[in-house]
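Engineer: Let me give you the structure first, and then I'll get to my questions.
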Amino acid sequence: MARAERFKARPGFVGTMDQTAIALAAAAVAVAGTLGGCADLKAATNLRPLAVNPSSPVAEEVEAASRTPAPIPSFASIPPKPTDVRPAGAYKTAVTEVVSERRTFNQWIAANPPVIENTEAYAAAQRAKLASQAPVAPARQAEADAFAQKLRDSAKTPPRKPN
């Protein structure tokens with residue numbers, strides 16, 4: 001039998017897939033009908049406010065507030081659309097720019113990895129460069145030490161986070 005003829009509709013024939021779909025639909029209707037009898041429609045559609053706990057210290061105030069009529073808002077009380085909010089397209093542009101900048105930055109980091117080699121030679125070169133400069137005056141050094149000690153004294157250990 002040719003492939004096209006196998007899938008051609010034949011009079012009085014219901015395919016296996018159609019039978020399965022019909023059986024599943026019938027089962028779903030039967031389950032829904034059975035479970036529908038379990039639902040308490042009166043309780044599900046009750047729109048009355050919940051009862052107030054009489055032992056609550058504010059029970060009387062709540063009861064009084066629930067009996068006081070309040071103004072009902074209308075659609076006219078909805079505020080107008082704000083004008084100082086940027087449109088969605090601007091948000092998309094800003095996000096696209098941030099993502100693009102992050103990718104560029106990550107590419108730069110990949111192209112320029114940190115070089116941590118021969119640190120002793122670097123330190124020696126820096127010491128030689130600084131050796132030609134005049135040393136800090138003792139009075140200036142005492143000021144700096146006093147300032148640093150003041151900062152240390154005023155510093156507090158941050159609270160520990162509970163584990």
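The values are calculated or read from the model by the stated rules, or taken from the named source; none is laboratory data. Quick caveat: nothing in here was measured; it's all calculated off a predicted structure. Virtual Cβ from ideal backbone geometry, glycine too; neighbours counted across all protein chains shown. When the accessible area is computed, the model is the full protein with side chains, heavy atoms only, and any ligands, DNA or RNA have been set aside. Shrake-Rupley method; radii C 1.70, N 1.55, O 1.52, S 1.80 Å.
Engineer: Before we move on, is Val85 within 28 Å of the chain's Cα centre (by Cα), of a type in the set (A, V, I, L, M) and outside any loop (DSSP other than H, G, I, E, B)?
Structural biologist: No; evaluated as a whole, the condition is false for this residue.
Engineer: Separate question: I'd like to check something: does the range 93-100 contain any residue that is open to solvent by less than 90 Å² (accessible area, probe 1.4 Å) and either part of a loop (DSSP other than H, G, I, E, B) or among the small types (Gly, Ala, Ser) (or both)?
Structural biologist: Scanning the range 93-100, I find at least one residue that is open to solvent by less than 90 Å² (accessible area, probe 1.4 Å) and either part of a loop (DSSP other than H, G, I, E, B) or among the small types (Gly, Ala, Ser) (or both), so the answer is yes.
Engineer: What single numbered condition from (1) surrounded by 10 or more Cβ atoms within 10 Å (Cβ to Cβ); (2) outside any loop (DSSP other than H, G, I, E, B) fails to hold for Ala139?
Structural biologist: (1)
Engineer: When you scan the range 41-75, how many residues do you find that are open to solvent by less than 90 Å² (accessible area, probe 1.4 Å), modelled with pLDDT under 80 and of a type in the set (D, E, K, R)?
Structural biologist: Total meeting the criteria: 0.
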